[in-house]
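Worksheet: the structure to be examined is printed underneath.
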Amino acid sequence: MDMRQRKHIDAVVEATTRGQPVIAARTHEAIIQSSWRRCVHQYGLDPARMQEARILPQTRLREHQQRIDDFARIARHGLQTLYGQVAGMGYVVLLTDALGVTVDYLGNASTDASLRRAGLYLGAEWSESGAGTCAVGTALATGQALTVHQVDHFDATHIPLTCTAAPLFDSHGALTAILDISALTSPQARDSQSLALQLVRIYASHIENANFLRTHRQDWILKLNASPEFVDVNPDYLVALDSLGRIVGHNRRAHEMLAAELGVPGAPGEPLAPLIGTAFESLFDARLAELGRFVYSRPSELRAVALAKSGALLYLSVMPPAPCWRPDARASAAGEAQRTVKVPPALAALCGGDATLERQLERASKLVDSPINLLVTGETGTGKEYFAKALHQASERRNGPFVAVNCAAIPETLIESELFGHLPNSFSGAGSRAKRGLIQEADGGTLFLDEIGDMPRELQSRLLRVLAEGEVLSIGASRPVSVDVRVISATHHPLDELASSGGFREDLYYRLNGARFVLPPLRERTDLDWLIEKLLEVGDTRAPRGSERAITLSPAARERLHRHRWPGNLRELCNVLRYARAVCTDGHIEVDDLPEGLSALPPGRDTAAQEAMPAVLSIGASEGGHGAFAADFDPHLLPPEGMLLMQYLRAASWNLSAVARQIGVSRMTLYRRMARYGIRSPNQRDASER
């Protein structure tokens, strides 16, 4: 124990046992002395008993990580971006759970040993009851962001450290985690950490908002700001509404604002029952049916709304629920009860939480080792080959070959020999050496036939024999060779329609279509942020811990990516991010770093958002050939579920069979839902008018 530590212990003892303050009772000092007193009188800690940092064993750490896994995944990008800004000044970044256990960590690998000894490391436990006054523990105890600098710490072991932390709350106001930046050494003055405190507060807000948007992606989200310029890209307040216009969640700043408006307690961590369930119209001077004028396609200065009680003016942007069908409560509960499928890691890695794709992956998990052939469909660029590779890697054939064949890319004059192989001199240009075909190359593994709809018809009968008999006959050969292959086919063509019209062999279609998987287009996926982060990690963009900084994305650039329709799907997103990564400055992507093709919002995205809102749904002739409501239908009464159904019907040009397949119900169920919301297809209307 050195002289500085002895002096610190004496100061803590004097402050906690004699009740004589050793520092002026300003706000920060009052918080620190209150914490010291808790340590002695509530937790029974002894300031003279110095303790080394406590690092949990791996098994215990994993338990803590699993409890907060979803939140930590969302927070990870914020941690990386923050670390990129402070690493050069010697800081580490910690994320702890609500018990003060460090579940994620970013630091300089060259100082790992020193950081571990100090407790600035993965698995370190920083609760106030265990470690004494510290930034993490005291933020947990008070629900406030603060800096605990050097001699502010209770335990003299920690007085070389400077630590700054902010609490992270979920959308119901529950304290979920702590964001902390700490350093082994720092200037003596606490004011030197003012920028650190500001940064931690900013990134805590970013992480909370990201978690809010993920949690409430199936609800109506209101984004509010006092400035029209920032309402779309950096809203201060986030509020989630259910289908009846009742509040089901809000971020911390919205909690404080709404609590003041209603006159209920608004401090973080207070009970939120008075706020959850409150009707939109009791808080804002606007009708629920008028929300359509607040979609982000309208100029932001025209989207002003007043608070009902105070009259304060805010600017509002409305995000409708993500376009995926939400079943009723009973169906949802039944589905959860039946969902016991464990998705293999290879398949799970394809999805970041999109419900539609998750259902496909769960179904695929049941078929990974089935002998039946699989057909994967979806728009160009939706990841059909990635899906097929994941199926192969998840199967018992993973150690066998995966052979991919693009049937549209091989010239018709060569595709037969490429697929089936040939004997020496078996045809003009064959050469004097035999060649094994790609089907034989796939023996013991998986054969992926991409763009199967473009396979020449004369080869389809030969492929049918391979599927039916498990044999392949090379060109020029008289005896077939047995092969053991799993065939996965893919196409963006409507193969069933091609088979019905004679453009594709019907018997081959049924052989290939043992089970069909439809991959959703990117514009309908709800895990775009997860995809962006995954793609930004490709190559060298995820820096080794403690070395290079990660690629980051500005809020405005992220908003632009969200508003694009992505006609090229994942392939287009990959190219956009690859371009932005190459031209950005200092690893930070701004709007100007995105390709010019994204500089203007493509037509249709905002229109779709507006059509999902009650106030902008049109009737009769304004619907043109895209469908309409019944003549006596009041669109202002249509709930969100009905609006989502309307979106699906319009997108499918009123092909009811296609919509029924897409949302996973029978045609009769679809008819009943349409009747429930008073929706009639234009075909029904035309027939009734004749």
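Can you name the residue in the stretch 378-412 that is touching a helix residue (DSSP H, G or I) at 6+ places or on another chain (Cβ under 7 Å) and in a strand (DSSP E or B) and is also surrounded by the most Cβ atoms within 10 Å (Cβ to Cβ) among such residues?
Val405
Pick from the stretch 24-61 the residues that are within 29 Å of Asn209 (Cβ to Cβ) and in contact with a strand residue (DSSP E or B) (Cβ under 9 Å, 6 or more places away or on another chain): which of them is surrounded by the fewest Cβ atoms within 10 Å (Cβ to Cβ)?
His28
What tally of residues in the stretch 113-137 results from selecting those that are in a helix (DSSP H, G or I) and either hydrophobic (A, V, I, L, M, F, W, C) or over 31 Å from the mean Cα position of the chain (by Cα) (or both)?
Step one: list which residues in the stretch 113-137 are in a helix (DSSP H, G or I), which gives 113-118, 128-131, 135-137.
So of that shortlist, the ones also either hydrophobic (A, V, I, L, M, F, W, C) or over 31 Å from the mean Cα position of the chain (by Cα) (or both) come out as 113-118, 128-131, 135-136.
Total meeting the criteria: 12.
Inspect the stretch 87-94 for any residue being in a helix (DSSP H, G or I), under 28 Å from the mean Cα position of the chain (by Cα) and surrounded by 15 or more Cβ atoms within 10 Å (Cβ to Cβ) and give the result as yes or no.
The answer is yes, given that some residue of the stretch 87-94 is in a helix (DSSP H, G or I), under 28 Å from the mean Cα position of the chain (by Cα) and surrounded by 15 or more Cβ atoms within 10 Å (Cβ to Cβ).
How about the stretch 564-579: which of its residues are free of Cβ contacts under 8 Å to residues at least 60 places away in the same chain and assigned to a helix (DSSP H, G or I)?
The answer is Leu573, Cys574, Asn575, Val576, Leu577, Arg578, Tyr579.
Which of the residues spanning the stretch 233-266 are more than 22 Å from Gln218 (Cβ to Cβ) and touching a His at 6+ places or on another chain (Cβ under 9 Å)?
Within the stretch 233-266, Met257, Gly266 qualify.
Please give the number of the condition Ile202 fails out of (1) buried (at least 18 other Cβ atoms within 10 Å of the Cβ); (2) closer than 23 Å to Cys163 by Cα; (3) among the aliphatic types (A, V, I, L, M).
(1)
Starting from the stretch 96-114, take each residue that is of a type in the set (Asp, Glu) and list its partners that are assigned to a loop (DSSP other than H, G, I, E, B), counting only C-beta distances under 7 angstrom and pairs at least six apart or across chains.
Asp97/Ile68
If I go through the stretch 449-471 residue by residue, how many of them are farther than 26 Å from Gly502 by Cβ and either outside the structural domain of Glu416 (by TED's automatic domain parsing) or not charged (D, E, K, R) (or both)?
So the answer is 1.
Please list, ordered by residue number, the strands (runs of 3 or more DSSP E) wholly in the stretch 435-551 having 2 or more residues that are at pLDDT 90 or above and surrounded by 19 or more Cβ atoms within 10 Å (Cβ to Cβ).
Here the list reads 446-450, 486-491.
Please pick out the residue among Gly137, Gly143 that is surrounded by fewer than 20 Cβ atoms within 10 Å (Cβ to Cβ) and in the same structural domain as Ser205 (by TED's automatic domain parsing). Don't jump to the end; show me each part of the working.
Details: Gly137 fails: surrounded by fewer than 20 Cβ atoms within 10 Å (Cβ to Cβ).
So the residue among Gly137, Gly143 that is surrounded by fewer than 20 Cβ atoms within 10 Å (Cβ to Cβ) and in the same structural domain as Ser205 (by TED's automatic domain parsing) is Gly143.
Inside the stretch 62-77, can you point out the residues that are more than 16 Å from Leu106 (Cβ to Cβ) and either buried (at least 16 other Cβ atoms within 10 Å of the Cβ) or in contact with a Cys (Cβ under 6 Å, 6 or more places away or on another chain) (or both)?
His64, Ile68, Phe71
Consider Cys163 against the criteria (1) of a type outside the set (Ser, Thr, Tyr); (2) surrounded by fewer than 19 Cβ atoms within 10 Å (Cβ to Cβ); (3) free of Cβ contacts under 8 Å to residues at least 60 places away in the same chain: it satisfies all of them except one. Which criterion is unmet?
(2)
Is it the case that Arg253 is part of a helix (DSSP H, G or I) and more than 20 Å from Ser282 (Cβ to Cβ)?
no
The values are calculated or read from the model by the stated rules, or taken from the named source; none is laboratory data. Just so you know, these numbers come straight off a predicted model, no measurement behind them. No Cβ is skipped: glycine too gets one built from the backbone with ideal geometry, and neighbour counts run over all protein chains shown.
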